[in-house]
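So the structure is just underneath, and the comments pick up after that.
Read the figures in this text as sums done on the coordinates, not as results from a lab. Source: prediction; values computed, not measured. For neighbour counting, all protein chains shown are included, and Cβ atoms are generated from backbone atoms with ideal geometry for every residue, glycine included.
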Amino acid sequence: MDEKVKTPAQLRRERLLDDKKNGYDRLSAADETAMQSYCEDYKKFLDAAKTEREAVDEAVRLAQARGFTPFARGMMVKPGDKLYRVNRGKALMLAVIGEKSLADGVSIGAAHIDAPRLDLKPQPLYEDSELCFLKTHYYGGIRKYQWVTIPLELHGVVVRSDGSAIRVAIGAGMGDPVFTVDDLLPHLGREQAKKPMAEAIPGESLNILVGSRPFKEDEGADRVKLAIMDILNQKYGLTEADFISAELEAVPAFRSSDVGFDRSLIGAYGQDDRVCSYACLAALMNCENPAHTAVCVLADKEEIGSEGVSGMKSAAFDTFMSDLCDAQRVSLKTCYEHSFCLSADVTAAYDPNFAEVYEKANSARVNYGVGLCKYTGSGGKSGSSDASAEVVGFIRRIFDQAEVIWQMAELGKVDAGGGGTVAKFMAERDIDTLDAGVPVLSMHAPFETTGKLDCYMMYKGMKAVYQAG
Ligand code: MN
Ligand code: MN
């Protein structure tokens, strides 16, 4: 019998069953090449964008190089225009104007550029036992024990009493010092080791060690603290009170790296959700003459509930869209009700080391492509916008037509926990929205891991949405 002739059972199996193969068994040679160069660019973005402010700056720099210009209220727009608007330095909206009217709706990719980290408290600096520390208040869902004894950088902005703002990025430059939070030695950790993980490292002990050398020839108290303030004053012109009007974020001092002998994975800080942010941005920058206007939103504050002026709940997005609609004399409501949003945010990758929390058949797997999530939330889908079958069907068709490798995904077992994204805030605006994202191992850890194939497929999927007719 000819080996190429398939049996009736084999033919039925292929036609009827949804047996997906590993993405690497389906990846074309052209996609393989594109994937490798895309991932090199993505890693550069990760290293340049360790905070939401840096992500905005880097995205604007890249977009300007591709011909994007600032969009101001009242400007006329025409098909092909490439526009952007920065929201308070911490969120960004970009658009490529399509051939069709905004009344026909827009295609939105919405991702977030904030990531879990240790923020400094407003009055952080103190000395204890001739060691100097900065007190922190963690931001987002962290597992506190992961943030001790790793090198940290300090990034952010300080607004001095005269109103001038100073940008800070210590630890990122060659030869820079780094900082760290210390932990107990195992020899004296007997009692700590008995505690539940969530209690072993209390939030108030996440204090960053920043110095130990006392100020010379001084008889007063807190000589180490004085010496540190002296350094900060000489370098940045700061006084202690300036910490009050500062946003300083301690982030892991790791650069992005290939992971594995086969270099098939990327390890880095903040891939949730810069992996999808970069995919949306890159897809928009490479989107030529779209039928529908293509919009990319890079939002802040997702990790604490999408709150605030720079979060996805903010009217800043509606104002941007409304200003665009005004340019075509279209009502915002009409635009929204015909729009589609891919809420691009990471999902949990199935981890065989913790198999008990996953339901394997409905978990995203590394190298199986973009994970589509019909719903997020926790318990009985609480807090989820739960996309309709029609919306899932729409994306399934677009992805298949564009040969995007994708999979369906749930975060984990029904009762194991849960999570949310910006999806529900887009859906609340009367915009059809579906979650989709890259599966991540060790999500919210200082060093998160993704598959290169999945990172690239997120870009390819987003581009397919932008280019859909
Ligand atoms: Mn996220
Ligand atoms: Mn997250």
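Cross-link partners of LYS313 among lysines, defined as those whose alpha carbon lies under 22 angstrom from its own and excluding same-chain residues fewer than eight positions apart: LYS90, LYS301, LYS333, LYS374, LYS381, LYS424. Between helix 29-48 and the chain there is an angle of about 30 degrees, using the helix long axis and the longest principal axis of the Cα atoms. Between helix 223-236 and the chain there is an angle of about 50 degrees, using the helix long axis and the longest principal axis of the Cα atoms. In this structure the amide hydrogen of PHE447, modeled in the peptide plane, comes within under 5 Å of no amide hydrogen from residues 5 or more places off or on another chain. Taken as Cα centroids, the range 72-93 and the range 115-181 sit 33 Å apart, rounded to the nearest whole angstrom. Rounded to the nearest Hz, the phi-derived 3J(HN,Hα) couplings of the range 311-319 under the Karplus curve 6.51 cos²θ - 1.76 cosθ + 1.60 (θ = phi - 60°) are x, 5, 6, 5, 5, 4, 5, 5, 5, where x marks glycine and proline. Once backbone amide H atoms are built at 1.01 Å from N, SER339 has VAL106, ASP432 as its partners under 5 Å, excluding neighbours fewer than 5 places away on the same chain. Using 0.36 nm per residue and subtracting the Cα-Cα separation, the extra length available between ASP47 and LYS333 on full extension is 99.1 nm.
Karplus-based coupling profile of the range 392-399, in residue order and whole Hz: 4, x, 4, 6, 4, 5, 5, 5, with θ = phi - 60° in 6.51 cos²θ - 1.76 cosθ + 1.60 and x standing for Gly or Pro.
What is the ratio of the Cα radius of gyration of the chain to 2.2 N^0.38 Å, with N the residue count, to two decimals? Don't jump to the answer; show the numbers that get you there.
Values: Rg = 24.1 Å, N = 469, 2.2 N^0.38 = 22.8 Å.
Computed over Cα atoms of the chain, the ratio equals 1.06.
For trypsin sites (Lys or Arg not before Pro), the sites in the range 164-225 that DSSP calls loop and that have at most 10 other Cβ atoms within 10 Å are LYS194, LYS216. From its DSSP helices (H runs of at least four residues, each -39,500 (n - 2.57)), the chain gives a residue-normalised ellipticity at 222 nm of -8500 deg cm²/dmol. Could you work out how far helix 452-467 tilts from the main Cα principal axis of the chain, as a 0 to 90 degree angle to the nearest 10? Between the helix axis and the principal axis of the chain, the angle is about 60 degrees. Across the range 117-252, Cα-Cα pairs farther apart than 22 Å form 41% of the total. Taking 0.36 nm per residue of sequence separation and removing the Cα-Cα distance, the LEU185/LEU16 pair yields an extension gain of 55.1 nm. In sequence order, the range 108-125 has phi-based couplings of 10, x, 10, 9, 10, 10, 8, 8, x, 5, 10, 7, 7, 5, x, 10, x, 7 Hz under the Karplus curve 6.51 cos²θ - 1.76 cosθ + 1.60, θ = phi - 60°, and Gly or Pro positions carry x.
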